[in-house]
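These notes concern the structure reproduced below.
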Amino acid sequence: MTTVTGLGTPDDMHPLQQRFVDAAGFQCGFCTAGMIVTASTFTESDLDDLPRRLKGNLCRCTGYRSVDDALRGVGNVGKTCGKAFGASHPAGPRVVTGTEPYTFDTVVDGVLHIATLGSPHPHARIVSIDTVAAEQLPGVHAVLCWRDAPQFAYSTARHENREEDPDDTYLFDRTLRYVGQRVAAVVAETEAQAQEACRLLRVEYEVLPFVLDPDEAAAPGAPLLHGDKGPEARIADASRNLIGEVHGGCGDVEAGIAAAAAVVRGRWQTQRVQHTHLETHGAVGWLDDDGRLVIRSSTQVPFLVRDELCRIFGLERHRVRVFTARVGGGFGGKQEMLVEDVVAAAVLRTGRPARWEFTRADQLTVAPCRHPMRVDVTVAADADGILTALAIDVLNDGGAYGNHSASVMFHGCGESVEVYRCPNKRVDGRSVYTNNRPSGAFRGYGLGQVVFAVESAMDELALELDLDPYELRRRNVVVPGDELVAAHPEGADLGFGSYGLDQCLDLVRSAMSRADGPPAPEGPRWRVGEGMALAMIASNPPGGHIADTSIELLPDGTFVARVGTAEFGNGTTTVHTQIAASVLGTEPDRIRVEQSDTDVTTHDTGAYGSSGTVVAAKALHAAAHALRDDMAKWAAELAGEIRADQVVRDTFGFCGRRSGFGKDVSDRVLEFVGRYDEVVVLHVVLVSIQGGDIA
Ligand code: FES
């Protein structure tokens, strides 16, 4: 059998592997080895039937278009202007040859395996656990349960400001609030031994009343999930299962409805959705030679995981390192700490390396999913199609724990309503506990659910008014000078930076009227229609987003950029390389990016909400500029007799590049260094960018 490593190496790629690099035919790359192996068996005629021929190869990231391009030999890299911006992904050759290591693609000698016992009940209290038989099973090193858990409450959700989420979770809880919640964990020599020991655990449960429907959970008399918790947990109202709520608006919605020519009222319900990143949640940990706890995890937030592990286990920051290799997809799901806490507990208890990797079944049954929302919308307009009232009432099923639930609800209730100008708005939102599996962060962070409802209502209003849906939106979108109003009449914490909403709508309209998109599928099973929806997203979390970056010129004339943000298919490594190369006037292959390691830089809030580009990359941009300026100054001082501006021009070739001068910046500086018998050129600039400052 030939695997992808048998087709080629990073230095000697098979033509098909080269095509995937040239087409940027991958994002996280977790599926890419399989894609390439399958495609390596194709004949020319298979290209006419790719959906069927590739049906056994699932990709969660790319949408298949770039895969299709790769298989047809279409190149996508280097089409934009400038050599720096034509850079392909630095890891490309390794991804397509199967040599890029993901979380578990590393050998950890002596690693132990973790398995967990899940709750069979949606709501129960553990009366007793008998662990003796499990502990006596050969190969078992430890059994962990609520008796071993630090009495420190936290949230699996990770934000810059940890207080955005309620502290309602324990490493192991004596009260179980959803089916599958971990009751105990076994640490053993093999996975089979750990699973076998889990079956030997004897647990006596006191079964408690449960509630699965969010409307019932919010009603008086419903079983309470966290009624035992006080204000320190930061739950909005534990006596009503209320994780968080928002109520507000502007004007008079009833008056707006009374004055309208058309009114639409409706209810839209969205379902639970799993991220299904191909690399499941998982982490492996060990103690290094200095006895420091090291966790290698598939996470979007290594720094925030490190900080919370320190709190849970009472460790100082410098005693814990968390890092991530390339992550096989996240989509918001890895803005949680789901496994690292148990892995850390296992390592600290046994002193041995330990690993825990979610199965696909775990992903689909216990990992947090997108919040199901029930959204009631009322929207009204006058005869000219000008909105007179817009109201939403959102009920958000947070599941058994409050991770992300309040902020997802706040966010979903924000831009979905702010994007329209309307004098009378009303927003009511509640996020409630139920005994369902926890919900969590997911692409769009609540907006997908609410936008779906608001935009569906807008379409129905257009039908009522006999107006083109495009025209209805064009007449009602916010314009510069408007307040961005949702729940608060004084406006949200958003303002206008640039504006292109009207042009965007016009472009969509024009593209739709040209009807030059991909051909519609044919056949009796297909019904073809077209529609439009409008969405705006502000990706910056209210607590801010912070990235510290540095960039250093090495004696060999290359640069190393250090960033905290993780690469999980979002392309930030490429973007960071392009930006640094562009600012420094050098080739992309002279930039090496070190990333997502708490030992590499001081802090990064995490890779979500496009922050790898808009925050970390901006920090790197500033660092590269600072390095460039300092190098120019330094070179000018060395040059002495030469006018500083001349040195800058000669050294960096900024003007020269335009006139064809263009010698590489690092070569020029090293030339100066050589002239003055200096042997070290080194400078580090550390820049913090707080996302909230970016307009
Ligand atoms: Fe295919 Fe990520 S690139 S799953």
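A few comments on the model shown:
- Student exercise, region 1-121 dipole from Lys, Arg, Asp, Glu Cβ charges, in Debye to nearest 20: 360
- Positive-end residue, the chain charge dipole about Cα centroid, Cβ charges, pick of 298, 16, 155: 16
- In this Cβ point-charge picture (+1 for Lys and Arg, -1 for Asp and Glu), the chain has a dipole of about 860 debye about its Cα centre.
- Unit charges on C-beta of K, R, D, E only; dipole of region 209-365, Debye: 600
- Dipole axis of the chain (+1 Lys, Arg; -1 Asp, Glu on Cβ), positive-most option in 379, 419, 280: 280
- Positive-end extreme of charge dipole, the chain - chosen from 263, 540, 104 (charges on Cβ): 104
- Cα centroid separation, region 456-528 to region 90-125 (Å): 42
- Rounded Å value of the spacing that divides the Cα centres of region 153-175 and region 406-438: 22
- Candidate membrane-span-like segments in the chain, meaning DSSP H helices with Cα atoms spread over at least 24 Å of their own axis and a Kyte-Doolittle mean of 0.5 or above, are 447-465, with no membrane implied.
- Value of [θ]222 nm, deg cm²/dmol, for the chain, DSSP H segments ≥ 4, -39500 (n - 2.57) each, nearest 500: -8500 deg cm²/dmol
Since every read-out is calculated from the coordinates, none of them should be taken as a lab result. Model, not experiment: these values are computed from the prediction. Positions of Cβ are backbone-derived with ideal geometry, glycine not excepted, and every protein chain shown enters the neighbour counts.
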